[in-house]
Ligand SMILES: Nc1nc2c(ncn2[C@@H]2O[C@H](COP(=O)(O)OP(=O)(O)OP(=O)(O)O)[C@@H](O)[C@H]2O)c(=O)[nH]1
Ligand SMILES: [Mg+2]
């Protein structure tokens, strides 16, 4: 593969970037990656104590020099010999103390000695071009770095570990085998027996089924970047806002002993059992004549109608019925709140006390289970782009039937293969790669 976009002369640039987040920190890592020899030479100009014959992956201590050669810091240096590195190139990592000024001085020093500042995702892109990972895994790396909840991180890790890549690769191999067969038929149309054709058709039908199944499976995680919405409703004073605050982890909304405290629907994105969820506190659903109350209940009704799950709060001691006017078709989880209070326990519902925390982790697990985003669903999330490619591959195989000429079938299989190649990267255009990697952070 002709790969590294260098300065035109063929040899790739030595890239340099801070690999840790901006801002002061205990330590910061500056990473260099490029052709063997040149990369180490630049690193040595910044960290002069790198031994003449460094041992791969063994840390050494060195002073760090700025552009003018003045000592600005000291720290550990790690050297990775090509191709046994994250990018497949020679890589040097400098661990500096995390002053942003010092980090910038070291990056500048490297640039002064011939390195170039890396663009977003450029290290990962080199890893891709050097065959260290495929595109699906590279995108998983980007996802993992950006994951805002444990659930997202877990699904991204599935991508990084190649779970999607392996399945796509297996399907590609099957389709390639079928294509070979179809092409043989084109060449020897007369001689090949017709009953072989049924077998080929059957393989295509099952490949198409496998593609659709995989698309459905990888879609089982969160749809895109939207969070499921969980809305708290229930009788006045049932402890809805206290529950909301407890799930948010801070006193976000007002709580009083007066009924009718909450009027507006207030929402926060929170992590519940490892998943991000949009949680909404409301005034609850009830009949009322007071004008302000009514506006609050209307807001609650709208929120409830759009919910993925309703938490219906009722004090543990209170008799049914629950609140009137629950929207149709929205799943309901009935809660018996204030379970810490002494007194009769009537009715059903998951017993929780936002005050003592009793039942709260069960509540979290139950919410996650109801939303089917639980820790143990085992799905790895594909990105919309990847799911789309799977569906396009399946659609390409749609029209193949017993009457389709072999040429047409072969063309359809090629289209499907092309779509699958966009997932793993074989057929990804530069433009697509640019788009994907531009969303990465610098240093990744
Ligand atoms: N003992 C106990 N009291 C609670 C619990 N949760 C809420 N409370 C109390 O119940 C009262 C009402 O709590 P809120 O959270 O404001 O109830 P709400 O359902 O939001 O009320 P409105 O917004 O007025 O409908 C307050 O005095 C809370 O301190 C709980 O788990 N245990
Ligand atoms: Mg309230």
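Structure data summary
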read-out	value
DSSP beta bridge pairing in the chain, given as percent antiparallel to the nearest 5	60 percent
Contour minus Cα-Cα distance for residue 112 and residue 256 (0.36 nm per residue)	45.6 nm
Using a Förster distance of 60 Å, the FRET efficiency for residue 269-residue 58 (Cβ separation, nearest 0.05)	0.85
Alpha-carbon centroids, the range 382-421 and the range 230-275: separation in whole Å	49 Å
Efficiency of FRET from Cβ geometry, residue 290 and residue 177, R₀ 60 Å, rounded to 0.05	0.25
Rounded FRET efficiency, nearest 0.05, which uses the C-beta distance separating residue 157 from residue 199 and R0 of 51 Å	0.85
The range 229-370: relative contact order in percent, alpha carbon pairs under 8 Å with at least 6 residues between	25 percent
Tilt relative to the chain, helix 291-305 - C-alpha long axis, 0 to 90 degrees, to 10	50 degrees
Rg(Cα) / (2.2 N^0.38 Å) computed for the range 226-292, rounded to two decimals	1.13
Cα-based helix-to-principal-axis angle, 135-146 vs the chain, degrees rounded to 10	50 degrees
The chain, relative contact order [Cα under 8 Å, separation at least 6], %	16 percent
Residue order, fewest to most beta carbons within 10 Å, for 163, 11, 250	250, 11, 163
Cα-based helix-to-principal-axis angle, 360-370 vs the chain, degrees rounded to 10	70 degrees
Relative contact order for the range 15-132, counting Cα pairs under 8 Å that sit 6 or more residues apart, in percent	32 percent
Label point 7 Å beyond Cα of residue 426 along Cβ direction - residues of the range 113-146 with amide nitrogen under 19 Å	128-139
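A short reminder: the numbers here are calculations on the coordinates, not readings from a lab. It should be emphasised that the depicted structure is a prediction, and the values quoted were computed from it without experimental measurement. Using ideal geometry, Cβ is built from the backbone for each residue, glycine included, and neighbour counts are taken over all protein chains shown.
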